[in-house]
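Remarks on the structure that follows.
Taken together, the values in this text are just the output of simple stated rules run on the coordinates, not laboratory data. Predicted, not measured: the structure shown is a model, and the values here were computed from it. All Cβ positions, even for glycine, are placed from backbone atoms using ideal geometry, and neighbour counts span all protein chains on display.
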Ligand code: SF4
């Protein structure tokens, strides 16, 4: 019975979905709760405030103590389906309703999220993780690994495609660990083939695979299935085998670089991206140099890089001293991001003059006559629309168009649409 509103000050229910993978993300929750309390004091309008997601799961009742009088509902990652009932309960008795219990059932449509996105549909295939990397809070906040049935996933994908979404993104903590609970012979490569067969789907992406589970079958599936985008996100986290061991990533620098070589030999032109943590406990200058040299060798199209922060319950937080100073972490991340920026700028410059397919996903907010989309390799391309279609940018959204790349920047490309 609720309707969404763009104006937070008129909301009767505010749901804050939280992340606790980094300390910074968690801090933002408390800032937001402070703003809500202030707003309620100033206006007398006091909505039901529900906190969902990983920080809710991790902090539980402690959230009520740290921000007294603001939160009415705390709903953990596995109890999210109970949100409507909890909101109702809290609005009747104005007493905090809390649900943090685990739930193994992932058959219900967690499913196609962000329905308002006109182009991409996100379909969860796995919840939770059993890997226990020593820095990572996910196994504690999202629970053990649970797979959704292939039939449910394909049905979600079909619904997404029928509702006009040309791109599907399959989500899970380690997507390539997938084995269908309803068909033990179906692994992640087979799942990609099933999704590839769904009519109307034009592009398939997935996040994230773990390097140690990336084998020949997956590489061949990416190479051979026409709808699977030629982009692979392979989180490396560090270029030092010593640090990788301490992180419990279960692969070495050499094995990772061998894997990249295999991927590139099999799928020429594939775009690679990664995640890196700097300043992990015990990371000496020479270990960080290993991360720089690996970045140099890998030539990633993009990278997400983070400064290490200890997360509750993790092995690293319990057993390893956070012994790299804040200053040193900052100087390392600046050096890494500078190098990565140079690499991706060069890769983008090499694309100038080529023709590539771009799936348009938005009209530019800054340039009124520009649309924007992504290549199969996930690079953003901005394109001025032809003069006769100006003012109708939205009509381009969802179309895949051939574009000649004319200009390169560090974060995106520009091009001109080639129309027959
Ligand atoms: Fe976290 Fe990913 Fe490691 Fe799982 S595999 S513990 S989600 S970093």
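Assign one of three labels to the range 59-99, namely rounded, prolate or oblate, based on the Cα gyration tensor with a ≥ b ≥ c the square roots of its eigenvalues; rounded applies when a/c is under 1.5, prolate when it is not and a/b is larger than b/c, and oblate otherwise. In terms of gyration-tensor shape, oblate.
Compute the whole-percent fraction of alpha carbon pairs in the range 110-230 spaced more than 24 Å apart.
23
Label reach from residue 266 (point 7 Å along Cα→C-beta): in the range 223-237, amide nitrogens under 15 Å belong to 223-226, 228-234. Put in order of Cβ neighbour count within 10 Å, fewest first, the listed residues 39, 144 become 144, 39. Beta-bridge orientation, the range 1-92: approximately 0 percent antiparallel, per DSSP, counting only bridges with both partners inside.
Contact order, relative form, for the range 15-94: 30 percent (alpha carbon pairs under 8 Å, 6 or more residues apart, mean separation divided by residue count). The order of 142, 223, going from fewest to most other C-beta atoms within 10 Å of their C-beta, is 223, 142.
Each residue, residue 116 and residue 297, gets one label point 7 Å from its Cα in the Cβ direction; the gap between the two is 4.5 nm.
Could you calculate the FRET efficiency of residue 193 with residue 346 from 1/(1 + (r/R0)^6), where r is the beta carbon distance between them and R0 is 30 Å, rounded to 0.05? Calculated value: 0.30. Take the Cα of residue 9, step 7 Å toward its Cβ, do the same at residue 416, and the gap between the two points is 4.8 nm.
Below 8 Å, C-alpha to C-alpha, sequence gap of six or more: please give me the relative contact order for the range 169-246 in percent. Computed over the range 169-246, the figure is 33 percent.
Note: relative contact order over the chain, using C-alpha pairs below 8 Å and six or more positions apart, is 10 percent. Put simply, when 55-66, 383-394 are sorted by average Cβ atoms within 10 angstrom per residue, most first, you get 55-66, 383-394.
Between residue 258 and residue 304, the modelled labels are 2.8 nm apart [label points 7 Å from Cα along Cα→Cβ].
By the beta-carbon count within 10 Å of each Cβ, the least crowded to most crowded order of 315, 86, 191, 36, fewest first, is 315, 36, 86, 191. Measuring r between the beta carbons of residue 130 and residue 65 and using R0 = 30 Å, the FRET efficiency lands at 0.45. Available extension along the chain between residue 330 and residue 230 is 32.7 nm, counting 0.36 nm per residue and deducting the alpha carbon span.
Ignoring everything except DSSP H segments at least 4 long, calculate the 222 nm mean residue ellipticity for the chain; use -39,500 (n - 2.57) per segment, divide by total residues, nearest 500. Let's see the in-between values first.
Details: 13 runs with 143 residues, N = 420.
One gets -10500 deg cm²/dmol as the mean residue ellipticity at 222 nm.
Rounded to the nearest 0.05, the FRET efficiency derived from the C-beta distance between residue 94 and residue 378 at R0 = 35 Å is 0.15. Diagonalising the gyration tensor over the Cα atoms of the range 9-78 and scaling each eigenvalue by 5 before taking the square root yields semi-axes of 20, 12, 11 Å, largest first.
Where both bridge residues fall in the chain, DSSP classifies roughly 40% of the beta bridges as antiparallel.
Counted residue by residue at 0.36 nm each, then reduced by the alpha carbon distance between them, the extension gain from residue 365 to residue 285 reaches 24.6 nm. Remark on the range 47-166: ratio of C-alpha radius of gyration to 2.2 N^0.38 Å is 1.20. Strictly greater than 36 Å: what percent of every Cα pair in the chain meets that? The share of Cα pairs beyond 36 Å in the chain comes to 33 percent.
Maximal additional length on extending the residue 30-residue 245 stretch stands at 74.0 nm, based on 0.36 nm per residue less the C-alpha distance.
When the Cα gyration tensor is reduced to axis lengths a ≥ b ≥ c, the ratio a/c is 1.5 or higher for the range 167-260, and with a/b above b/c it is classed as prolate.
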